[in-house]
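Can you keep this structure in mind? I'll have questions shortly.
Nothing in this text is a laboratory measurement; each read-out follows from the coordinates by a stated rule. Just so it is clear, the model here is predicted, and its values are computed rather than measured. Note that we place each Cβ from the backbone using ideal geometry, even for glycine, and neighbour counts take in every protein chain shown.
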């Protein structure tokens, strides 16, 4: 989080522009997967596009890491036992809230999951290649990239220790928008609460690895559950 000096209006403007560019980067790395899903590519073409998809994530993460280090100057920290405990407690709390929101989502919108999760499920069920690619990136790549952008850079470069509550709220809200596939208040709240939880861990520990750990755990469990559903429906 920003500690060195008070930011000017020009500083904020510059960092907002950079943040928007990073969010665009988060979105465009998914484009190659759309071409693979169309099923119009040859086997070689699909494999080449798959390589480009993974490479895109690698480049995007490298850019995000570089920007994060340049503007935030984070102190290197490892994850300790207390951090792991916080991750598990935070996941348990969010899991309970998510169940309640899913039930409310069924009542109000007649949806058994968020629209974003439905899209991910469709991608995974398309073919074996999309299943593998989505599984790898959703569990290992997206948590790193999204935490660097929505927690590391956003909070670390534009908020101070005195604005922790604002940082958590803003981070949660902004994190929710890219995950919205339809106009659904419950889905918005689900991702906003997840984003806020991740933001809380970041401002509490000032260690980007902690929210990455929670994001990894959340996506790992979610993707595992979707994988089971895909396997059941395909056999």
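Provide the three semi-axes, in whole Å and in decreasing order, of the ellipsoid equivalent to the stretch 133-217 as defined by the square roots of 5 times the Cα gyration tensor eigenvalues.
20, 17, 10
How far apart, in nanometres, would the label points at residue 40 and residue 163 be if each is projected 7 angstrom from Cα along the Cα-to-Cβ direction?
My value for the distance between the label points is 4.6 nm.
Grab the Cα-Cα distance for residue 110 and residue 177, subtract it from 0.36 nm times how many residues apart they are, and report the gain in nm with one decimal.
22.0 nm
Which peptide among 35-43, 140-148 comes first, and what is the full order, when sorted by highest mean count of other Cβ atoms within 10 Å?
140-148, 35-43
Continuing with this model, one more query. Just checking my list [x] 23.5; [y] 12.2; [z] 13.8 against mean projected area of the Cα convex hull in nm² computed from this structure; which label fits?
Only one listed value fits the structure, namely [z].
Quick one: if the Förster radius is 35 Å, what FRET efficiency do residue 99 and residue 132 give, using the C-beta to C-beta distance and rounding to 0.05?
So the FRET efficiency works out to roughly 0.75.
Now a separate question. Can you sort 233, 215 by how many other beta carbons sit within 10 Å, fewest first?
With the sparsest Cβ surroundings first, the list reads 233, 215.
Compute the whole-percent fraction of alpha carbon pairs in the stretch 1-134 spaced more than 26 Å apart.
Value for the stretch 1-134 (Cα pairs over 26 Å): 54 percent.
Using packing as a proxy for protection, rank 182-189, 128-135 so that the peptide with the highest average count of other Cβ atoms within 10 Å comes first.
For the peptides 182-189, 128-135, the packing ranking is 128-135, 182-189.
Continuing with the same structure: Residue 31 versus residue 59, label points 7 Å from Cα toward the beta carbon: distance in nm?
Label-label distance for residue 31 and residue 59, simple model: 1.0 nm.
A follow-up question, please. Mind giving me the FRET efficiency for residue 221 and residue 17? R0 is 41 Å, r the Cβ-Cβ distance, nearest 0.05 is fine.
With R0 = 41 Å, the Cβ-Cβ based efficiency is 0.70.
Label-point separation (nm) for residue 233 and residue 85, each offset 7 Å from Cα along Cα-to-Cβ?
4.1
Quickly rank 12-23, 161-172 as a protection proxy: mean count of other C-beta atoms within 10 Å, highest first.
Highest mean packing first, the order is 161-172, 12-23.
Then there's this: Kindly provide the helix-only [θ] at 222 nm of the chain, computed as the sum of -39,500 (n - 2.57) over DSSP H runs of four or more divided by all residues, to the nearest 500 deg cm²/dmol?
-25000 deg cm²/dmol
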